[in-house]
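Engineer: Please find one structure pasted underneath; my questions will follow.
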Amino acid sequence: MADPGLRTATSADLHAAADALGLSPAALAPALVEPRARVLVGVEGQVVLLRRQWADDATAEAVAVRRTGVPLDHPDVLATAAGWGCDRVRHLATDRVGEVPLPPADAPLAVRFAVLSALAATRVETAVALARGTGVARTKDDGSPAVAADGAAHAAAVAVLGDLGVPVLSEESSDAPVPDGSPWIVLDPLDGTGNFAAGLPPWAFSAALVDDGRPVAGLVADLSSGRRWWALEGRGAVRDGVPIGPRPGGTVVVPSGPRGAVVGVPETARRVRITGCTAVDLCLVADGAAAAWHDVDRSGTHVHDVAGGLAVLLAAGGTALTEEGEPLRLRPDTETKIRLVAAADETTARELLAALA
């Protein structure tokens, strides 16, 4: 009989999982909400408690703190470790170690991207921590801040994603040529630089694989909290191992307030949030924390700012429209600004466009 696999535990699994691991529910409960911890459960009573931690060589590893009926090399344990950008899995009790394999070279490009983008996010996490407080801060031509960590994040990400053999576009470099009809990667190595410099969460790594104008795979890693959103076209989107989906609501998120004006929102909006991190904003719409996002009453945004978050949103079932109300198509151009609305559904998106008209 085929192994039905493991899934990420929810609050409904807490008492049974805690009992199986020999823990009190109170001791296990934080692992259900902490992004750097994961409880996996199976239909036959299998349970494993994993924690992400740093190893002595500055790589990340997934540590099996407690387990029952789950081998270290279980596919879902390895998949969790890969999603965290870990190089290995370690058993806490015995110190036994197993490597996290990379997809083979003949695996689908989107699958290889999913694993390598997670690994890139971890390398970026280290790079920006090392670069914090170094170099000289400056202001880019578009008015956005830049610090040494931006360049360090770019170098760390490209060193990993370059192995995929497709053009990699980035906020921190000139655009590479993309042949017609070819897939390409676009990333914002450190989205929310101003937040990072101020120590005000969130700041994130964002990457997307784009094919025929569609972001077909994406990862957004909130480096300030450990939250990770992952998406693959046709397979949905998850946040920290749990499937997500958008939903209507009264919260609208925007990149910033328009200078000298008020933020445009539909009549159904009850509150506006400004996080300073566009990639995370779009993921908040994807997972239902917010109902919509837009930049229509501003000067616009860039493809690297939105691609990773849009991949998550669209795979989760959300909608993105241009300011003209057309489906958004991404182009390999990090210089030209675009304006769009992103929402839980098309009705909400069009209501927002009407309110902004």
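The values are calculated or read from the model by the stated rules, or taken from the named source; none is laboratory data. Just so you know, these numbers come straight off a predicted model, no measurement behind them. Note that we place each Cβ from the backbone using ideal geometry, even for glycine, and neighbour counts take in every protein chain shown.
Engineer: In this structure, does residue 81 turn out to be assigned to a helix (DSSP H, G or I), under 22 Å from the mean Cα position of the chain (by Cα) and in contact (Cβ under 8 Å) with a residue 24 or more places away in the chain?
Structural biologist: Values: assigned to a helix (DSSP H, G or I): yes; under 22 Å from the mean Cα position of the chain (by Cα): yes; in contact (Cβ under 8 Å) with a residue 24 or more places away in the chain: yes.
Yes: the conditions hold for residue 81.
Engineer: If you don't mind, there's one more thing I want to ask. Could you check the range 151-205 and list, in sequence order, the residues that are in contact (Cβ under 8 Å) with a residue 60 or more places away in the chain and part of a helix (DSSP H, G or I)?
Structural biologist: Listed by number, the residues that qualify are 194, 195, 196, 197.
Engineer: So the check is Cβ under 6 Å with 6+ separation or different chains; which pairs have a first residue in the range 289-314 that's surrounded by fewer than 24 Cβ atoms within 10 Å (Cβ to Cβ) and a second one that's among the small types (Gly, Ala, Ser) and at pLDDT below 95?
Structural biologist: Once the first residue is surrounded by fewer than 24 Cβ atoms within 10 Å (Cβ to Cβ) and sits in the range 289-314, its partners that are among the small types (Gly, Ala, Ser) and at pLDDT below 95 give 297/264.
Engineer: What is the number of the single condition among (1) in contact (Cβ under 8 Å) with a residue 40 or more places away in the chain; (2) more than 20 Å from the chain's Cα centre (by Cα) that residue 277 does not meet?
Structural biologist: (2)
Engineer: For the range 56-67, how many residues meet the condition of being at pLDDT 95 or above and exposed (fewer than 15 other Cβ atoms within 10 Å of the Cβ)?
Structural biologist: 0
Engineer: Now, a different point. Please enumerate the residues belonging to the range 1-28 that are touching a residue at least 12 places away in the same chain (Cβ under 8 Å) and under 16 Å from residue 241 (Cβ atoms).
Structural biologist: Within the range 1-28, 5, 6, 7, 8, 9, 10, 11, 13, 14, 17, 28 meet the criteria.
Engineer: Only strands (runs of 3 or more DSSP E) wholly contained in the range 206-307 count here; list those with 1 or more residues that are at positive phi, out of contact with any His (no Cβ under 9 Å at 6 or more places or on another chain) and not hydroxyl-bearing (Ser, Thr, Tyr).
Structural biologist: Of the strands (runs of 3 or more DSSP E) lying wholly inside the range 206-307, those with at least 1 residues that are at positive phi, out of contact with any His (no Cβ under 9 Å at 6 or more places or on another chain) and not hydroxyl-bearing (Ser, Thr, Tyr) span 236-239.
Residues are listed down the side, and each one gets a yes or a no for (1) touching a strand residue (DSSP E or B) at 6+ places or on another chain (Cβ under 6 Å); (2) closer than 26 Å to residue 222 by Cα:
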site	(1), (2)
16	no, no
30	no, yes
39	yes, yes
43	no, no
48	yes, yes
59	no, yes
62	yes, yes
74	no, no
81	yes, yes
